[in-house]
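Just below is one structure, and these are the notes that go with it.
The values are calculated or read from the model by the stated rules, or taken from the named source; none is laboratory data. Just so it is clear, the structure is predicted and the values come from calculations on it, not from any experiment. With ideal geometry, Cβ positions are generated from the backbone for all residues, glycine too; neighbour counts draw on all protein chains shown. Heavy atoms of the whole protein, side chains included, go into the accessibility calculation; ligands, DNA and RNA do not. Shrake-Rupley method; radii C 1.70, N 1.55, O 1.52, S 1.80 Å.
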Amino acid sequence: MKSKNLLTELRSLGKQELLVKEQECREELFRLRMQKSTAQLEKPSRIKELKKLIARIKTISKQKFAEEGK
């Protein structure tokens, strides 16, 4: 259920908001990778979650931009 709620939330966002959300996720992913390299990462599964979230955001963004082009 968690992912379905997330998807509906992402789909309700505007294009600009999606871009901002993607940038925030990328920054968090960068910070987590730095923590991983210094052996300070507490939750390694969060990296995988963020990668999937970024992919979902990019997919939804692409769909919204395609709809605009039609």
Inset, instruction - Give the residues of segment 1-16 that are charged (D, E, K, R), open to solvent by 100 Å² or more (accessible area, probe 1.4 Å) and free of Cβ contacts under 8 Å to residues at least 40 places away in the same chain, sorted by residue number. - result: K2, K4
Legend entry - Yes/no for S45 being among the small types (G, A, S) and loosely packed, with under 12 Cβ neighbours inside 10 Å: yes
Legend entry - Pick from segment 17-30, criterion open to solvent by 50 Å² or more (accessible area, probe 1.4 Å) and within 17 Å of E49 (Cα to Cα), ranking: farthest from the chain's Cα centre (by Cα): F30
Legend entry - Cβ pairs under 8 Å, 6+ apart, first in segment 37-50 and at negative phi, second acidic (D, E): L50/E28
Inset, instruction - Please work out which one of (1) open to solvent by 90 Å² or more (accessible area, probe 1.4 Å); (2) within 29 Å of E68 (Cβ to Cβ); (3) among the aliphatic types (A, V, I, L, M) is the condition M34 fails and give its number. - result: (2)
